[in-house]
Amino acid sequence: MLLRLVIRNALRHKLRTVLTIVGLVVAVLAFGLLGTVVDAWYAGAEGASSTRLVTRNAVSLSFPLPITYREKIRRVDGVTAVSTANWFGGVYVSERNFFPQFAVAGETYFRLYPEYVVREDDMKAFLRDRKGAIVGRKLADTYGWKVGDIVPLRGTIYAGNWTFVVRGIYDGKDRKTDTSQFFFHWEYLNERVRQLFPRRADTVGVYVVGIDDPDRAAEISRTIDEQFRNSLAETLTETEKAFQLGFVSMTEAIVVAIRIVSYLVIFIIMAVMANTMAMSSRERSAEYATLKALGFGPGRVGALVFGESLAIALIGGAIGIAATFPVAARFGKAMGSLFPVFNVSEGTVLLQAACAVTVGVVAAIAPAIRAARVGIAEGLRAVG
Amino acid sequence: MNDPVVEIRGLAKSYRRGGQIVPVLEALDLDIGAGDFIALMGPSGSGKSTLLNIIAGIDKPDRGTLRVNGTEIVRLREAELARWRAQHIGFIFQFYNLMPVLTAAENVELPLLLTPLGRGDRRRRAELALSMVGLADRMTHYPSELSGGQQQRVAIARAIITDPTLIVADEPTGDLDRVAAGEILDLMVRLNAEAGKTIIMVTHDQRAAERARSVVHLEKGMIRTETDAP
């Protein structure tokens, strides 16, 4: 019956409770959405494999590496496969249609990335066609591409008009896999570059190196870099995760700002909720005094306030969490390829729930103490 | 007088108001026998409500002793006092003090939550208590759906449900019209006469006081007279 009392008390001032719940829903939703944005920021690093290394030019990512390094890297003990990738940076119709495009060493690249699931026939067609491209499912859905469609890209780094034929659409092995990328043959790129910019030919952006034992990643990285020490293009080899985190660290300040804002939102709703509970507690002094007169101890009276606060917080939290999924789905869609992986994680949901509970508990502390300490004689005088 | 259920000796209480100490009760002695129905009367500020609160264990005296049913309650700590009140005191307040979000039956059941009784037993007792005060047909009504007299009857049912040693009533008819007040007093007289309940009632109303077995007049914190009601 005490639970009934808690619930009915929570719903006593309907407008006040509804407004508080709406505030909580918005806060928990915003917290979840911002948390998902942060997760999306780290999605590349999260999706990285421990059996892949990335070798790039030690000076900067914008400096290429000679294609001749491929064989040398392949011969390093512990290396199982080597592939290449060049950032293409083309424009599809207009600059607004941004999506990542890579010129890759077709066969080896997809072997190193088993999370990109391509139908066998599509892969064969891709390997047969010099102008062929494999595109992610999300990307294909965004632009309505089908196998066989021709995709024109205007080069920015590699000037000129380029046309590709969609030969396959890859799906992600799981929800964390980025399916918004566009892959085509490095050979096709190199051929055109050789004609148009001969000095830039036979180079790659990065080498993707498959290794047999993740525990040897540091040792293999050192061995690779050692081979090219004092050459014209020294290398820097690191795990794929470290490579991806390197990108994230460039925007670390934004991530920190997002995190701060998300916790500020929770702090604000905590203050609003504490105010609601304080008002309720003050109005019910006589009722708490009556309960105490009847023999209810201070702990039980305080627990009623905590219960009421928690009930409101849990209702708001639950609705907020439930609303996060559809809102995040729409938000992710609206963001297009900016956040290729935009999923509400289990961790985010747990954090949202923890925040809702914390808001409920913290907001009730002062009012609960006040209710527990209410003097019976004084409280009873507050009636009428 | 029957064996005293309440024994008060040298009870004193004062309040601090605006830096001044205002004495409310001064060296008060009083015995209340089991089965008595006492009306405490006196002008405002005479200390009658303070005395009632101290007897009921919701206020503490500065000095003196107070034994209720053999227990020296002045020495009890807050948690012990809360348990003691739950077992020994039934409260009737001027403004009924019902929980507005609970039904009549739930309000009556409230004190039983502090007992080991199960849900079914609690509900049966609440129904019985409401039947005793003539509200068997109002079990599921909320206080806002009841008249003042009916609310006070619910409060009386709540006061008697634990079969307390003592029922304390602070101006139980103060918020009621004449007819409703009469009904409430009838009910209290019946509780005293038929169920043998010891009742201490604070009132300003001479007519209400006349329904008690004896009247204690307080003035300036001291007992002026103790008379048997006519």
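What follows is calculated from the coordinates using simple rules that are stated; it is not laboratory data. The structure displayed is predicted, hence computed values, not measured ones. We place every Cβ from the backbone using ideal geometry, glycine too, and count neighbours over all the protein chains shown.
Fully extended, how many nm does the chain gain between B:ARG77 and B:GLU219 (0.36 nm per residue separation, minus their Cα-Cα distance)?
On the way: separation 142, 0.36 × 142 = 51.12 nm, distance 3.01 nm.
Computed gain between B:ARG77 and B:GLU219 is 48.1 nm.
Scanning chain A for DSSP H helices at least 20 Å long along the axis (C-alpha atoms) with a Kyte-Doolittle mean no lower than -1.0 picks out A:14-41, A:252-283, A:298-335, A:346-373. The GNM of chain A, with springs linking C-alpha atoms under 10 angstrom apart, assigns the highest mean-square fluctuation among A:ALA363, A:ALA328, A:ALA201 to A:ALA201.
Projecting the Cα atoms of B:THR165, A:MET277, A:LEU153 onto the dipole axis of the protein assembly as shown, where Lys and Arg carry +1 and Asp and Glu carry -1 at the beta carbon, places A:LEU153 farthest toward the positive end. Note on B:93-102: average number of Cβ atoms from other chains within 10 Å of each residue's Cβ is 6.
For the stretch B:1-127, give the magnitude of the charge dipole about the Cα centre (Cβ charges: +1 Lys/Arg, -1 Asp/Glu; no others), in debye to the nearest 20.
It comes to approximately 380 debye.
Projected label points at A:LEU264 and A:GLU107, each 7 Å from Cα along the beta carbon direction, are separated by 5.6 nanometres.
Tell me, A:ILE321, B:ILE156, A:ILE254 in order of fewest to most beta-carbon neighbours within 10 Å? Could you put the intermediate results ahead of the total?
Numbers: A:ILE321 22, B:ILE156 27, A:ILE254 13.
Neighbour counts put them in this order, fewest first: A:ILE254, A:ILE321, B:ILE156.
Figure legend: label point modelled 7 angstrom from the Cα of A:LYS72 along Cα→Cβ; residues of the stretch A:220-260 with amide N under 17 Å from it are A:220-238. Prolate is the label for the stretch A:309-371. Its Cα gyration tensor axes, ordered a ≥ b ≥ c, give a/c of at least 1.5 and a/b above b/c.
Phi angles of the stretch B:39-47 translate, via the Karplus equation with coefficients 6.51, -1.76, 1.60 and θ = phi - 60°, into HN-Hα couplings of 9, 9, 10, x, x, 4, x, 7, x Hz per residue; Gly and Pro are given as x. Here each label is just a point 7 Å from Cα along the line to Cβ, and for A:GLU95 and A:LEU3 those points are 6.0 nm apart. Here the extension length gained between A:ALA218 and A:GLU346 equals 43.0 nm, from 0.36 nm per residue of separation less the Cα-Cα distance.
Please get the size of the charge dipole for chain B, origin at its Cα centre, with Cβ charges of +1 on Lys and Arg and -1 on Asp and Glu, quoted in debye to the nearest 20. The partial results should precede the final answer.
Working: 28 positive and 30 negative charges, 112 e Å.
The calculation lands at about 540 debye.
Other residues with beta-carbon under 14 Å from the beta-carbon of B:ARG67 carry, at +1 per Lys or Arg and -1 per Asp or Glu, a net charge of -3.
Taking the C-alpha atoms only, the angle from helix B:148-160 to the longest principal axis of chain B is near 80 degrees. Among A:ARG52, A:ARG137, A:ARG222, the largest mean-square fluctuation in a Gaussian network model of chain A (Cα springs under 10 Å) belongs to A:ARG222. With helices as the sole contributors, chain A gives -18500 deg cm²/dmol at 222 nm; each DSSP H run of n ≥ 4 counts as -39500 (n - 2.57), and the sum is divided by every residue.
Kindly state, to the nearest 0.05, the FRET efficiency for B:GLU210 paired with A:VAL357, given R0 = 51 Å and r defined as their beta-carbon distance. That pair, B:GLU210 with A:VAL357, gives E of 0.30. Taking a point 7 Å out from the Cα of A:ASN230 in the direction of its Cβ, the residues of the stretch A:73-88 whose backbone N falls within less than 20 Å of it are A:73. Extending 7 Å from Cα along the Cβ direction at A:ALA366 and again at A:VAL22 yields two label points whose distance is 2.4 nm.
Determine the shape class of the stretch A:59-233: with a ≥ b ≥ c the square roots of the Cα gyration tensor eigenvalues, call it rounded for a/c under 1.5, and otherwise prolate if a/b is greater than b/c, oblate otherwise. Here the stretch A:59-233 falls in the oblate category.
Anyone know which of A:ARG194, A:ARG259, A:ARG56 comes out most mobile in the 10 Å Cα GNM of chain A? Of A:ARG194, A:ARG259, A:ARG56, the Gaussian network model singles out A:ARG194 as fluctuating most.
Which loop-located trypsin sites (Lys or Arg not before Pro) does the stretch A:266-365 contain, where loop means any DSSP state but H, G, I, E or B and the Cβ has at most 13 other Cβ atoms within 10 Å?
Values: sites: A:ARG282, A:ARG284, A:LYS292, A:ARG300, A:ARG330, A:LYS333; in loops: A:ARG284.
Passing both the DSSP loop test and the Cβ count: no residue.
Computed about the Cα centre, the dipole magnitude for the protein assembly as shown is approximately 1120 debye when only Lys and Arg (+1) and Asp and Glu (-1) carry charge, each at its Cβ. Taking 27 Å as the straight-line reach from the Cα of A:LYS146, the lysines in range (excluding those fewer than 8 positions away in the same chain) are A:LYS124, A:LYS131, A:LYS138, A:LYS173, A:LYS176, A:LYS333.
Sorted by mean Cβ packing within 10 Å, highest first, what order do the peptides B:169-180, A:149-160 take? Can you show the working numbers first?
Working: B:169-180: 19.3, A:149-160: 14.8.
Peptide ranking by packing, descending: B:169-180, A:149-160.
For chain A, a/c is not less than 1.5, where a ≥ b ≥ c are the root eigenvalues of the C-alpha gyration tensor, and a/b tops b/c. That puts it in the prolate class.
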